[in-house]
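First comes the structure, then the notes that go with it.
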Amino acid sequence: MIKTDIVVIGGGPAGICAAINAASSGAKVLLLDRDSQLGGQLIKQTHMFFGSQKQHASVRGIDIPGILVKEMEEYKDNIQIMLDATVLGIYEDGVLTIEKNDDYIKIKPKGIIVATGASEKFPAFPNNDLPGIYGAGAVQTLMNVYGVSPGKSVFMVGAGNIGLIVSYQLVQAGVEVKGVICRGPRYGGYAVHASKLKRIGVPIMPGHRVIHAHGKDKLERITLIKLDENKKEISGTEFDIETDVLCISTGLTPLGELLWQMGCEMKFIREFSGHVPVRNEELETTVPGVFVAGDVAGIEEASSAMVEGRLAGLCCAKKLGFTNPEYSSLKEDYLQQLHDLRSGPVGDGIRKGLAKIVV
Amino acid sequence: MLKSTGIPNEKDLESVIPPKERLAKGPVAIIECFEKIPCNPCYTHCARGAIKEFEDINDRPQLNYDICNGCSICVSHCPGLAIFIVDETYSDTEALVKIPYELLPLPVEGSFVTGMDRGGKPICRAKVVKVQNPKFQDKTPIISLAVPKELSMVVRFLSLEDYYSDSTIICRCEEVTLGEVRELIRKGYKTVEEIKRISRCGMGPCQGRTCQQLIMEEIAKATGERIEDIKVHNYRPPILPIKLGRINGGEKNE
Amino acid sequence: MNKSASVVIIGGGISGCAIAYNLAKKGVKDVIIIEKEYLSSGATGRCGAGIRMQWGTEMNCRLAKYSVEFFETANEVLEYAGDVEFKQGGYLIIAATEKEVAQFQKNIKLQNSLGIPSRYITPQEAKEIVPHMDETQILGAAFNPKDGHLNPFHTTQAYADAAVRLGVEIMKYTEVTGIKVENGKIAGVQTDKGYISTPVVVNAAGGHAQIISEMVGVKLPLYSERHQILVTEAVEPMQGPMFMSFSQNIYCQQTPHGSFIMGRGDPTEPRDLRVTSSWEFLEEMAKTCIRFLPPLKDIRMVRQWAGLYNMSPDAQPIYGPVKDVEGFFLACGYSGHGFMFGPVTGVVVSESILGEEHTIPVDALSYDRFEKGELILEPSVV
Amino acid sequence: MRIESHPILTFEKGKIVKFTYNGKEMEGYEGEPIAAALHAQGIKVLGYTHHRNRPRGFYCAIGNCSSCLMVVNGKPNVRTCVEKLTEGAVVETQKGRGELK
């Protein structure tokens, strides 16, 4: 059984930053990720990031893990990285069981930072399980990580940032995007993303819903219907579109299974699209010594995930007695960064959500 | 009307719908034959003598509701497919409607289809309770549909087209459909955990990761509860399936 | 919301639902079942749901035989719209020690005398029945082809649906907070949803039975302990019978759905009401399973959980009235076998309440056996 | 189909390995997920479900949803969206539950 100060579960932007700050505070850290490389969903993001320099703005997502890993090297004596390692469960005695390749490993940490991210939502419509209907993350993985095109043409469901960005990435990979729909009367993502698509000639069609997928063994065709301002279907407006791939980007939901297992108090927060842990300003949950960061704490951008990771790492270490000499100023800086990232009109929902969950 | 639209009107139907008291007693035939045509198999096939003897082969059938027990023998023998069986005692909320159906593919017992009215308009979701197709029915299968009680005199056909998304898969791992989940909610299962245990929805290798929120949404829709207030299922290890051989006795170095 | 009933049953597991069904069938229609959560949310829904007639005492053999015969026709008798998924693949109970060989031969003689078709078989014969087992690990085995497995949720639901059709009321998500006794007689049950006046209360509260009994001042010699279990992904059918060992501490069954359900007991388990999971169980379970059934090393487990055994001093149920409190009846202390005894529990407890002669003589399982010290210990327990 | 040129990405591929899919010999890159290698050959249907015989492809591609189960080297229920391709792998469509041998 491995004993360590802090285990960080998830090696995405939040997890890496948490590991860096816990280690720089003097704690021994074990960073776990179930993939064979660090970076989480960043490894598929070919676009340049928003935010400020502190969160690596204008750097492409794919290049950010490299920068963070380099920063981590500074503390390599304090950080052990374990890849291809899936946490299976957290038990009553605080022991984590892990599957790593062919091994089964147990870890007993003093503190835990959960940065497991999110999973994609699965919508309900007839034939929603046909091959060719893929999550947006899956499409990204396939084309941006493995260089395989998802199909001849793609129809995108969901016009939040992910839907818009993945549509753009599909065009970059040489795939025809037949259209992007969302249920509401306006698309949800940033206007600059939508404008990029419009310039290329991809139709963005708010106020539509997929009501049926068709195909014998795999997707051949979809039926759409128009929705009114209140997202109600307007009968008689059904029409079909031929496509071999339907990409689903109807949102993410936090992957909080481990937090449930540990008995953290969880609440369903609409603004965060699922159950998230009740926590304090330092990101500590209701179970002492268990911290959260990133999408598992509520769906947001990678920029705030990185800052949350740094804050959680700093505070988790402090909780275990490893106080960074610059603890107070760092903490203040991270809180300020988070405040700034969430302060604009697009941060409305996030601020509302946080008001319900931070104690 | 009937001669111009093909759809019998309320006045036509008045003459063939039994009184409430009779319907409350159990299954009975509804003979929707409104025109004098030279035809009498309903009369000749009724073993109970519930249909009044035809004096003229052009007579319209007259059913004695007290003798008819809804056995359904006449249904598959009516060349006009004009006879239906309605059983309003099927359950507290549902009636059973037996419909002659000569199309392929046949619906599958236990599945959900769309109940259609006499004009071919989708009217409700309906569960296929039984598909009877024995030899003596001579390729006129009888489909028993469970429909909302108030629609027992409205639903007269079915469509396999999934107007109510009932065959939509909600749980990919265990292949549970939206229709099955809705049925359970209707029966009084009001939490994710209850639905999971009786239907296996969410018990597969993904451990409910893809279906739980959909179930919560369906419960919210049906009960009017806020999704915030709906209890999630129990989260148990492992997060992902693991081979017993990997665990076998613990860590290798132990 | 106050109401009244002829009988209030505490516990919506198989026992409570079966008792309610039997009472209603005999004409007692105003029966209320009170369940703290939902039907079969306690031990019933957490158990391995194996059904066997291979026991070491005459009493248990008789009880189990009655139950199995009922389960064979449960779908029809209870007119269930679903399927209780009864799989009669038998129980293969392996003998791993000389002591077990002797015990099994004795048990089989008893079982055969009661009409139970069990037989003693060689390791080679056992291998023919479960081809993927390692027969070199065993000395022999007892096999009864009539034993089997059911889906506990559907079985309980079948009883509940039948009971409700006969007029029984089930109050889910309702907690009993007290039981009112007047002049040594049951007067009513207090719940968080209101008071129910009733002359009869049945304690079918599974792992919480001792807590319910304390509400009327009866101290039962029972305790609860956690038993853990795991389930695997589904594969095509490959194992007919339940594979079981008392001395090696394993039971393992493939359900009709295709998944394997397996469990084991832990002698060091503390006596409390926890139903959390442990990694120690997982590791030992995997080890024992692979030792006897090697190909299962490649099957993936998908979930582990725990339930409560309600242990009695002789590992046998307690049925019937309590002398000191008139109208208080017990249906508890199953020691891990409450699910399979469900049908017989329903029959004999309803008979006790109505003062009828028992279909199967169960007076030896009454509460006063502990005072008298007339205990017959059941040797065949995991 | 493989993406041959990309304005931003260059794909570092492993060495080419041979594998069989339902007995047919195919090529893919070592270490890429089996489902990606199949998809590159236009194969989207990875299995059929037990109960309703529904075709199944992958959905999440990161090992969350178990929609991509196939028989690999004789072992059923392998999540091919995360299982890495190796030289000589024997990959088969899984029909139903899969048999444990």
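The values are calculated or read from the model by the stated rules, or taken from the named source; none is laboratory data. Being a predicted model, the structure only gives us computed values, none of them experimental. Cβ atoms come from the backbone with ideal geometry, glycine included; neighbour counts cover every protein chain shown. Quick note on the areas: whole protein, heavy atoms, side chains included, nothing else; ligands and nucleic acids left out. Shrake-Rupley method; radii C 1.70, N 1.55, O 1.52, S 1.80 Å.
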- [ ] Considering every residue within region A:86-105, establish whether at least one is assigned to a strand (DSSP E or B), more than 11 Å from every other protein chain (Cβ to nearest Cβ), within 26 Å of A:VAL276 (Cα to Cα) and in contact with a helix residue (DSSP H, G or I) (Cβ under 6 Å, 6 or more places away or on another chain).
- [x] no
TODO: State the number of residues belonging to region C:182-193 that are open to solvent by less than 60 Å² (accessible area, probe 1.4 Å) and either among the aromatic types (Phe, Trp, Tyr) or within 17 Å of C:SER6 (Cα to Cα) (or both).
DONE: 5
- [ ] For region C:255-289, enumerate the residues that are part of a strand (DSSP E or B) and facing another protein chain (nearest Cβ under 10 Å).
- [x] C:SER259, C:PHE260, C:MET262
- [ ] Restrict the check to region C:281-297 and report whether at least one residue is open to solvent by less than 20 Å² (accessible area, probe 1.4 Å) and within 22 Å of the chain's Cα centre (by Cα).
- [x] yes
Open item on the list: Looking at region D:52-82 only, could you name the residues that are open to solvent by 20 Å² or more (accessible area, probe 1.4 Å), assigned to a loop (DSSP other than H, G, I, E, B) and away from chain A (no Cβ under 12 Å)?
Closed with: D:ASN73, D:GLY74
Task: Exclusive hit being under 27 Å from C:THR155 (Cα atoms) and out of contact with any Pro (no Cβ under 8 Å at 6 or more places or on another chain), set B:ARG200, B:ARG125 - done: B:ARG200
Open item on the list: Out of everything in region C:341-357 that is among the polar types (S, T, N, Q) and touching a residue at least 60 places away in the same chain (Cβ under 8 Å), what residue ends up being surrounded by the fewest Cβ atoms within 10 Å (Cβ to Cβ)?
Closed with: C:SER350
TODO: Please work out which residue is least open to solvent (accessible area, probe 1.4 Å), limiting yourself to region D:6-25 and to residues that are more than 8 Å from chain A (Cβ to nearest Cβ) and assigned to a loop (DSSP other than H, G, I, E, B).
DONE: D:GLY14
Open item on the list: I'd like to know if region C:191-202 contains one or more residues that are closer than 22 Å to C:TYR334 by Cβ and touching a Ser or Thr at 6+ places or on another chain (Cβ under 6 Å).
Closed with: no
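Return the only residue of B:LEU178, B:LEU184 being at pLDDT 90 or above and at the interface with another protein chain (Cβ under 8 Å from one of its Cβ atoms). Spell out the reasoning first.
Numbers: B:LEU184 fails: at the interface with another protein chain (Cβ under 8 Å from one of its Cβ atoms).
When all the criteria are applied, what remains is B:LEU178.
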Open item on the list: Given the criterion within 27 Å of A:ILE269 (Cβ to Cβ) and within 8 Å of chain A (Cβ to nearest Cβ), identify the matching residue among B:ARG236, B:ARG226.
Closed with: B:ARG236
Open item on the list: Among the numbered criteria (1) part of a loop (DSSP other than H, G, I, E, B); (2) under 20 Å from D:ILE8 (Cα atoms); (3) within 24 Å of the chain's Cα centre (by Cα), which one does A:GLY189 miss?
Closed with: (2)
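Condition check ((1) within 25 Å of the chain's Cα centre (by Cα); (2) at pLDDT 95 or above; (3) open to solvent by less than 10 Å² (accessible area, probe 1.4 Å); (4) among the small types (Gly, Ala, Ser)) across all residues:
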position: A:PRO203; (1), (2), (3), (4): no, yes, no, no
position: A:LEU219; (1), (2), (3), (4): no, yes, yes, no
position: A:ILE225; (1), (2), (3), (4): no, yes, yes, no
position: A:GLU233; (1), (2), (3), (4): no, no, no, no
position: A:PHE239; (1), (2), (3), (4): no, yes, no, no
position: A:ASP244; (1), (2), (3), (4): no, yes, no, no
position: A:TRP260; (1), (2), (3), (4): yes, yes, no, no
position: A:PHE268; (1), (2), (3), (4): yes, yes, no, no
position: A:VAL276; (1), (2), (3), (4): yes, yes, yes, no
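Just checking: which of the strands (runs of 3 or more DSSP E) contained wholly in region B:62-159 hold 1 or more residues that are open to solvent by 50 Å² or more (accessible area, probe 1.4 Å)?
Ranges flagged: B:122-132, B:157-159.
Can you work out which of the residues in region D:32-51 that are open to solvent by 30 Å² or more (accessible area, probe 1.4 Å) and more than 7 Å from every other protein chain (Cβ to nearest Cβ) is modelled with the lowest pLDDT? If you could, list the steps in order and put the result at the bottom.
Taking region D:32-51 as the starting set, the residues that turn out to be open to solvent by 30 Å² or more (accessible area, probe 1.4 Å) are D:41-42, D:48, D:50-51.
In the following step, the residues that additionally are more than 7 Å from every other protein chain (Cβ to nearest Cβ) were identified as D:41-42, D:48, D:50.
Values: D:GLN41: 96, D:GLY42: 95, D:TYR48: 96, D:HIS50: 91.
Looking at residues that are open to solvent by 30 Å² or more (accessible area, probe 1.4 Å) and more than 7 Å from every other protein chain (Cβ to nearest Cβ), I get D:HIS50.
Looking at region C:24-121, what helices (runs of 4 or more DSSP H) fall wholly within it and have at least 2 residues that are at pLDDT 95 or above and under 21 Å from C:ILE250 (Cβ atoms)? Break it down into steps so the answer makes sense when it comes.
Numbers: elements: C:43-46, C:58-72, C:74-77, C:98-113.
Of the helices (runs of 4 or more DSSP H) lying wholly inside region C:24-121, those with at least 2 residues that are at pLDDT 95 or above and under 21 Å from C:ILE250 (Cβ atoms) span C:43-46, C:98-113.
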Open item on the list: Consider region C:301-335. How many of its residues are surrounded by 23 or more Cβ atoms within 10 Å (Cβ to Cβ) and part of a loop (DSSP other than H, G, I, E, B)?
Closed with: 5
- [ ] Mind listing whichever residues of region D:83-101 are open to solvent by 10 Å² or more (accessible area, probe 1.4 Å) and in a loop (DSSP other than H, G, I, E, B)?
- [x] D:GLU83, D:THR86, D:GLU87, D:GLY88, D:THR93, D:GLY96, D:ARG97, D:GLU99, D:LEU100, D:LYS101
Task: Evaluation of B:ALA29 against (1) open to solvent by 70 Å² or more (accessible area, probe 1.4 Å); (2) in a strand (DSSP E or B) (one fails), failing number - done: (1)
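Quick check: is even one residue across region C:366-377 within 19 Å of the chain's Cα centre (by Cα), open to solvent by less than 20 Å² (accessible area, probe 1.4 Å) and among the hydrophobic types (A, V, I, L, M, F, W, C)?
First, pick out the residues of region C:366-377 that are within 19 Å of the chain's Cα centre (by Cα): C:366-367, C:376-377.
With the extra rule that they be open to solvent by less than 20 Å² (accessible area, probe 1.4 Å), the set shrinks to none.
Scanning region C:366-377, I find no residue that is within 19 Å of the chain's Cα centre (by Cα), open to solvent by less than 20 Å² (accessible area, probe 1.4 Å) and among the hydrophobic types (A, V, I, L, M, F, W, C), so the answer is no.
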- [ ] Would you tally the residues in region A:74-85 being part of a strand (DSSP E or B) and of a type outside the set (Gly, Ala, Ser)?
- [x] 4
TODO: Run down A:GLY111, A:GLY163 and say which single residue is under 23 Å from A:PRO277 (Cα atoms) and open to solvent by less than 20 Å² (accessible area, probe 1.4 Å).
DONE: A:GLY111
TODO: Considering (1) at pLDDT 95 or above; (2) in contact with an Asp or Glu (Cβ under 8 Å, 6 or more places away or on another chain), say which one D:CYS60 fails and leave the rest.
DONE: (1)
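Yes/no per residue for (1) open to solvent by less than 30 Å² (accessible area, probe 1.4 Å); (2) more than 16 Å from C:ASN203 (Cβ to Cβ); (3) not assigned by TED's automatic domain parsing to the domain that holds C:MET340:
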site	(1), (2), (3)
C:LEU23	yes, no, no
C:VAL28	yes, yes, no
C:ILE32	yes, no, no
C:GLN54	yes, yes, yes
C:GLU58	no, yes, yes
C:LEU63	yes, yes, yes
C:GLU72	no, yes, yes
C:ASN75	no, yes, yes
Task: One residue from A:GLY309, A:GLY289, A:GLY347 being more than 24 Å from A:TYR190 (Cβ to Cβ) and either crowded, with 21+ Cβ neighbours inside 10 Å or not basic (Lys, Arg) (or both) - done: A:GLY289
Open item on the list: Residue under question is A:GLY137, and the condition is that it be in contact with an Asp or Glu (Cβ under 6 Å, 6 or more places away or on another chain) and either crowded, with 24+ Cβ neighbours inside 10 Å or more than 14 Å from every other protein chain (Cβ to nearest Cβ) (or both); does it hold?
Closed with: yes
Task: Pick from region A:1-60, criterion β-branched (Val, Ile, Thr) and part of a helix (DSSP H, G or I), ranking: most open to solvent (accessible area, probe 1.4 Å) - done: A:ILE43
